[in-house]
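Read through the structure below, which is laid out as structure tokens, and then see the notes.
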Amino acid sequence: MEDKIVLPAEWHPQSAVQLTWPHEGTDWAPILDEVLPCFASIAKEVVKWEKLLIVCPDEQEVRRQLGEVDYSRIIFREMATNDTWARDHGGITVFDQGEPVVYDFVFNGWGMKFAANLDNLITRRLSAQGTFAEGVPVINMQPFVLEGGSIESDGKGTLLTTVECLSSLNRNEYLQKEELEAYLKEVFGFERILWLENGYLAGDDTDSHIDTLARFCSEDTIAYVQCTDESDEHFDELQAMEQELQAFRQADGKPYRLIA
């Protein structure tokens, strides 16, 4: 696998977790008093196990909120931000010939629904501040729009994703599905793409990100959202998605182990 590009699976060893910190200018503003302690709890849990990168407008304010914690394991980077969705606006790491490379895709607030002018700059600003390991290149992937939550890799050449998100308006609608597939295979080294045509959650601003619908737990296991209540508005869509998942096959032809 080292002679090609690989998008690692969610369970691959990692060097740090990125949190983009809430503040009064984010969507969390009305309930900031609830959200800040939650983020502080997440931060304290992360540093027990690995390094933590905190992107925030005011380092001293975040230190005040965190209180006593092992700051030797925290990297602070101060910059202006719109919101907190690091999974979507953050850099996406692949391995090229076994070496890490960070992709910086366009983040436009899930198809221009929300302001994202600052969050779209975070990864390149982190790079300019020497945040990533020496020698790790950061590649500008303009004009392609992609959020981390829209792609799910098994780490072995299979992508799980949704048609609804990747081809939605104000993202990459200028590309046909075949062109999208060719691009994703080229830049991520995928050999197979499993496209979900169905599945949505009410109130979801992401246009059906895969990470809210179905996730690889291992190479042969997928956990997914199930709906068995016929009166629920999600019933038809999620039943159809479940049938799609049941029809998917692993690279060796075996069905996936599905966990509802």
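Each value in this text was obtained by applying a stated rule to the coordinates, not by laboratory testing. None of the values given here were measured: they were computed from a predicted structure. Cβ sites come from the backbone with ideal geometry, for glycine too, and all protein chains shown count toward neighbours.
Just to check I understand the Karplus step: with θ = phi - 60° and J = 6.51 cos²θ - 1.76 cosθ + 1.60, what whole-Hz values come out for the range 114-127, glycine and proline as x?
Couplings: 9, 4, 9, 4, 7, 5, 5, 9, 4, 4, 6, 5, 4, 5 Hz.
To check my understanding: the extent here is largest minus smallest coordinate of the Cα atoms along each principal axis. What are those three numbers for the range 1-133, in Å, largest first?
Sorted from largest, the Cα extents of the range 1-133 read 48, 37, 26 Å.
I'd like the Karplus ³J(HN,Hα) series for the range 234-247: coefficients 6.51, -1.76, 1.60, θ = phi - 60°, whole numbers in Hz, and an x wherever there's a Gly or Pro.
8, 3, 4, 5, 6, 5, 5, 5, 4, 5, 4, 4, 5, 7
Karplus couplings for the range 26-42 from phi (6.51 cos²θ - 1.76 cosθ + 1.60, θ = phi - 60°), rounded to Hz, Gly and Pro as x?
Each residue of the range 26-42 in turn: 8, 5, 7, 3, x, 10, 4, 5, 8, 6, 4, x, 5, 4, 4, 5, 4 Hz.
Taking a 31 Å limit on the Cα-Cα distance, which of the listed pairs LYS4/LYS48; LYS44/LYS177; LYS185/LYS254; LYS4/LYS113; LYS51/LYS156 fall beyond it?
The answer is LYS4/LYS48; LYS44/LYS177; LYS4/LYS113.
How far, in nm, would the chain grow between GLN142 and LYS4 when pulled straight, counting 0.36 nm per residue and subtracting the alpha carbon separation?
47.5 nm
Based on the Cβ-Cβ distance of ALA80 and ALA223, what FRET efficiency does E = 1/(1 + (r/R0)^6) give at R0 = 25 Å, to the nearest 0.05?
Rounded to the nearest 0.05, the efficiency is 0.10.
Once you compute Rg and the Kirkwood Rh from C-alpha atoms, what is the Rg to Rh ratio for the chain?
On the Cα set of the chain, Rg over Rh gives 0.96.
Around VAL47, with a cut-off of 14 angstrom between Cβ atoms, what is the net charge of the other residues, counting Lys and Arg +1 and Asp and Glu -1?
That sum, taken over residues with Cβ under 14 Å, equals +1.
Normalised by the number of residues in the chain, what is the relative contact order in percent for Cα pairs under 8 Å and 6+ residues apart?
17 percent
Add -39500 (n - 2.57) for each DSSP H run of 4 or more in the chain, then divide by its residues: what number comes out at 222 nm, to the nearest 500 deg cm²/dmol?
Helix contribution divided over all residues of the chain: -7000 deg cm²/dmol.
Taking 0.36 nm per intervening residue step and subtracting the Cα-Cα distance, what contour gain separates ARG249 from ALA182 on full extension?
22.1 nm
At a Förster distance of 45 Å, what's the computed FRET efficiency of GLU233 paired with ALA16, Cβ-Cβ distance as r, to 0.05?
0.70
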